[in-house]
Structure formats: C-alpha cells, structure tokens
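*Asks:* Here's a structure for you.
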Amino acid sequence: MTPKDVLKMVKDTGAKMIDMRFMDFPGLWQHFSVPSSQLDEGSFEEGFGFDGSSIRGWQPINASDMLVIPVPETAKMDPFFKDPTLVMICNIADPITREPYSRDPRHIAAKAEAYLKSSGIGDTAFIGPEAEFFIFDDIRFDSGRNHAFYEIDSIEGVWNTGRDECPNLGYKPRQKEGYFPVPPMDKFQDLRAEMALTLIDLGIDIEAQHHEVATAGQCEIDMRFKPLLQMADQLQWFKYVLKNVAYRNGHTVTFMPKPLFEDNGTGMHTHISIWRDGNPLFAGDKYAGLSEMGLHAIGGILKHARAICAFSNPTTNSYKRLVPGFEAPVNLAYSSRNRSAAVRIPMYSASPKAKRLEFRTPDPSCNGYLAFSALLMAVIDGIENKIDPGDPLDKDIYGLPPEELALIPNAPGSLEEALQSLAEDKEFLTKGDVFTEDALDMWVKYKTEKEVNPVKLRPHPHEFALYFDI
C-alpha cells in the first residue's frame, strides 16, 4: 500500500481520525491521533512530532523531540473506536538527522530481516508465536510501603466451587485440567471466537483458538506464521484486540506469565524457519527431518538461549514460570517430541514446508520486535559458525538420575541472571548493527533499575507467613 492508497482508504472508509502507533522500549503500544485532514502525502516523509522523553527507556529531557513516520502498508481500520479511525504503525526518527532511532524496537526488527538477507543464508524468516493468556473477571492489586497484595477472581476459578453464586452452577476446570473440555466447563468459547473473528477482520490469519491447561480462563489463539517484522506488528494488534474484546464484555486479559500459584504459567512457544526463493531451508534428512542448517540453527539457539531470555522472558514474573523440575521448558536441549526441552521439532506434518524449530522458552510479556530479532540473530550465528547442538534429548527429563540431569544446562533462574547473560553474550546481536550497544545498554539499565531492583527491595507477602514469628 502506498501513501496515495492510504489517502484513498481514508476517503473510502470515511475515517475521521488517524491514529499513530509505535512501541515503547519495554513493549507497550503507544498512540496519538490527528484529524484525517492533517494527513497528506508529505506526512509519510515529514512525520509528526512528539515528546520522546516521556516514553520509557527513550530520550532525556534535553533531547526530547522525535518524529513518528507512518508506514503506509500497516494501515488498518480500528475495530473499537466510536468514530471511524484509521491506524498506522510508525517508525521513529530523529527530527534533525532524520536517521532511524536506535532504540525503536520496530527498527531493530527491520534491521534483523535486512541482516538475514545480507548474510546470504536466506531471504525470509518466518515466525509463528503461540501466545497464551488469561481471561479474568476481576483483578485487584496494590503495593505500598506497609502493604502489598493482589487478588484474582474468575467464574472459572476452581477456588470458587464452594462460593454462593446464587446459584453456583459448577463446571469450573480443576487445576491443570483445562486442556480442553467443551462448554459449559469452557466458559470462553464465544469470547475467544469474537477475538479470533475480530483479528480475521483485520486481515490477520488465525489457525485455531482453544482453552489452555490452567483453571480460571487460560486460553490460546494461534496466528499463522508470517515474516518476522509483519508478525511483530501482528502481535501488537493481537494483544490490543484481545484486551479490548475482553474489556467490552466485562472481562480483562493479561499476558503476565505467572499470575496463578500452583497452576500452569503462560508461555509463547515461538516457531521459526528460514526460507530462500520460496523454499524451506530447515527440511532435510538429518534428525527429525531437519537439514544440517536446521541443526546448526538449533546450536545457535542453545548457545545463546540465556542471553535471548533477556528479551524473550523480560519480566521478573517470567521466572516464576521458568522453574526447573516442573513442566516449563527450562532445559537447554532439543528434541523431536519432548516438550520440556527448550527447542522442539514439531512432527505434525511430513511436508518440508512445515519443518521448523519451536523455541518453547519465551512468554508473551515480551516485546515481539526484540524477542524475534534476538532469536533470529542466534539462529544466524549458529548457521554461520556451524554450531553443533549436540545429541537430542528424547528421554523423559523428569525420570533422569540427578547426575545425568545435572549435565543439562538450564535457562536463567531470574531476570537478573538473564540480563547478566546478555551483558556477557551480546556480540551475536550486534552483527550488522542490528542491536546497537546503546540499545543493549539501555535495556539492561532500564530493566535493572525499573524492575529487578524494585522487586528485590520489597518484602513479599509470603515472607510474613514464613518469618513473622521468628
């Protein structure tokens, strides 16, 4: 779509407002709107100004002026606003040099795609995330100097089997038994269908929707794989649509990885494959139908997995899900069917076009632009350096003797560990200037100061249960 096409779309749809959207550094969509009369062909070069010092992890107050440059091919009509509103995702630029901004997550993803092409390995990286989420009916939380609490409620919560609901009709999934009974046990079929159909109306291909393992409304909607940058854009629409469909129906959606104690956390198993000239490059005659390139790609992921986690599992809460000894994919190994391995090779189809790698460690709290880019850069490094992934792990990990289990490396145990791993292993990310030193340093600084330290300094409510009477 060209700027002229967008202007025609504005006229044809009767759009009254143009909504400019972009990503802050941690990964939340930001926006502002202008009347449609303010958009002309020059807007796609001149952009619109805004205050970059008010965006998390971006500019200082003395250099705050920045530009958003709308990307015409991202134009879509918003499905929620009262007045007809055309939305465009924007790139960020310096108003003086007109150079793309090094901390703009979308720019980093575009550079990752460009680096793949320049490497000669392939021309397209396809990404397919399986983003899980929870649908709750009520959420309350607060944190102060002398108090801290959260309380979650859901019509599906197994803890409500004894609640007087006038009447209580039962059918609440037991812990770890939500995968996936029909209604009335599954109470969110219609809501998920509304979410999926809204996404389809926006031009986003949906493969399936279903309830997930946990009680209290854990669900999943799967998007069909797309090229990296396109999928990162789609992931933002995905989160936006799910939150707003839930909100207008009196529910709330969270992509927080571990909101419930003693039940399954929320992951985002991420599929990746590289193609060239319309042909898949990971299919071959090696283990699980992989090519030698596919095995080297696994080697790159496993070598750099702990650093990748700083982007793919970027919250302190992420590591409440990534705990050794449970079902989470913390084991840095690969397998054709073992779901506790960090990298799995799906075996659903024998078609070479379906051959891909599934990195199971990520969760949907991530900034997709950064997480997908880091994953691709690890894959490229593995291929370029022919990194041997070692032997596959097809045994039951939970049945291994302790001495054998100790030989399998693990994902980081905390966000602090992941950030340290990133600081020690970042050269693969800086190739082609995909991730600049400035962006990496700010990521570690922001996460440490704004998330790691504040959580570390606060007493945990459960500590009072453990220690108050000491």
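The values are calculated or read from the model by the stated rules, or taken from the named source; none is laboratory data. None of these values were measured; they are calculated from a predicted model. Cβ placement follows ideal geometry from the backbone for every residue including glycine, while neighbour counts extend to all protein chains displayed. Just the protein is used for accessible areas: all its heavy atoms, side chains included, with ligands, DNA and RNA removed. Shrake-Rupley method; radii C 1.70, N 1.55, O 1.52, S 1.80 Å.
*Asks:* Cα centroids of region 189-220 and region 72-96: how far apart, whole angstrom?
*Replies:* Centre-to-centre (Cα) distance: 24 Å.
*Asks:* Okay, next question. Express the carbon and sulfur contribution to the solvent-accessible surface of the chain as a percent, rounded to the nearest whole number, probe 1.4 angstrom.
*Replies:* Taking all protein chains in place, the chain shows 53 percent carbon and sulfur surface.
*Asks:* Sticking with this structure for a sec: Over the chain, what number does the Rg to Rh ratio reach, with both radii from the alpha-carbon atoms and Rh per Kirkwood?
*Replies:* On the Cα set of the chain, Rg over Rh gives 0.96.
*Asks:* Okay, next question. Using only the Cα atoms, what convex hull volume per residue in Å³ does region 21-145 have?
*Replies:* 209
*Asks:* Something else now. Could you give the dipole magnitude of the chain about its Cα centre, charging the beta-carbon of Lys and Arg +1 and that of Asp and Glu -1, in debye to the nearest 20?
*Replies:* 280
*Asks:* Based on the mean of other beta carbon atoms within 10 Å per residue, what is the order of 398-406, 88-96, most packed first?
*Replies:* Per-residue Cβ counts within 10 Å, averaged per peptide and sorted highest first, yield 88-96, 398-406.
*Asks:* Same structure, new question: Restricting to DSSP loop positions (anything but H, G, I, E, B) with no more than 10 other Cβ atoms inside 10 Å of their own Cβ, which chymotrypsin sites (Phe, Trp or Tyr not before Pro) remain in region 277-375?
*Replies:* Qualifying residues, ordered by number: Tyr348.
*Asks:* Hey, another quick one. Multiply the residue separation of Glu207 and Asp396 by 0.36 nm, subtract the distance between their alpha-carbon atoms, and state the gained length in nm to one decimal.
*Replies:* 65.1 nm
*Asks:* For region 139-157 and region 22-64, write down the distance between their C-alpha centroids in whole Å.
*Replies:* Using only Cα atoms to place each centre, the spacing works out to 34 Å.
*Asks:* Let me ask something additional. Counting other Cβ atoms within 10 Å, which trypsin sites (Lys or Arg not before Pro) in region 262-344 have at most 13 and lie in a DSSP loop?
*Replies:* Within region 262-344, the qualifying trypsin sites (Lys or Arg not before Pro) (loop, at most 13 other Cβ atoms within 10 Å) are Lys286, Arg337, Arg339.
*Asks:* Separate question: Give me the number: length gained by fully extending Thr436 to Phe81, i.e. 0.36 nm times residue separation minus the C-alpha to C-alpha distance, one decimal in nm.
*Replies:* Additional length available on full extension: 124.1 nm.
*Asks:* For Ile298, what is the net charge nearby, where nearby means another residue's Cβ is under 13 Å from its Cβ and Lys, Arg count +1, Asp, Glu -1?
*Replies:* Every neighbour counted, the sum reads +2.
*Asks:* So, one more: Could you work out how far apart the two model spin labels at Arg458 and His31 are, taking each label as a point 7 Å from the Cα in the direction of the beta carbon, and quote it in nm?
*Replies:* Reported label-point gap for Arg458 and His31 is 2.8 nm.
*Asks:* Report the FRET efficiency, 1/(1 + (r/R0)^6), for Asp5 and Ala406, where r is their Cβ-Cβ distance and R0 is 56 Å, rounded to 0.05.
*Replies:* 0.45
*Asks:* Show that you can apply the helix-only estimate: for the chain, add -39,500 (n - 2.57) for every DSSP H stretch of four or more residues, divide by all residues, and state [θ] at 222 nm to the nearest 500.
*Replies:* One gets -9500 deg cm²/dmol as the mean residue ellipticity at 222 nm.
*Asks:* Then there is this: Determine the principal axes of the Cα atoms in region 195-297, then give the extent along each, sorted from largest to smallest and rounded to whole angstroms.
*Replies:* Taking the Cα atoms of region 195-297, the three principal extents are 50, 36, 19 Å.
*Asks:* Sticking with this one: Would you please report the Å³ per residue occupied by the convex hull of the alpha carbon atoms in region 118-177?
*Replies:* 210
*Asks:* When Rg is the radius of gyration of the Cα atoms in region 1-85 and Rh is its Kirkwood radius, what does Rg/Rh come to?
*Replies:* 0.99
*Asks:* Taking region 211-357 on its own, what percent of its Cα-Cα pair distances exceed 20 Å?
*Replies:* Summing the P(r) of region 211-357 above 20 Å gives 57 percent of all pairs.
*Asks:* Further question: Less than 28 Å apart at the alpha-carbon level, and either on another chain or at least 8 residues along: which lysines does that give for Lys447?
*Replies:* Lys111, Lys239, Lys243, Lys258, Lys303, Lys320, Lys426, Lys431, Lys456
*Asks:* Right, next: Using only alpha-carbon positions, what ratio does the radius of gyration of region 311-424 give when scaled by 2.2 N^0.38 Å?
*Replies:* 1.10
*Asks:* Also: Using DSSP to call loops (not H, G, I, E or B), can you name the GluC sites (Glu not before Pro) in region 245-335 whose Cβ has at most 16 other Cβ atoms within 10 angstrom?
*Replies:* For GluC sites (Glu not before Pro) across region 245-335 that sit outside H, G, I, E and B with at most 16 neighbouring Cβ atoms in 10 Å, the list reads Glu262, Glu327.
*Asks:* For region 319-364, build the convex hull from the C-alpha positions and give me its volume per residue in Å³.
*Replies:* That works out to 75 Å³ per residue.
*Asks:* Given a Förster distance of 25 angstrom, what is the FRET efficiency for Ala465 paired with Asn168, based on the Cβ-Cβ distance and rounded to 0.05?
*Replies:* For R0 = 25 Å, the calculated efficiency reads 0.30.
*Asks:* A further question on this structure: What residue among Met195, Pro184, Phe238 has its Cα farthest toward the positive end of the dipole of region 145-256, where the charges are +1 on Lys, Arg and -1 on Asp, Glu, each on the Cβ?
*Replies:* Phe238
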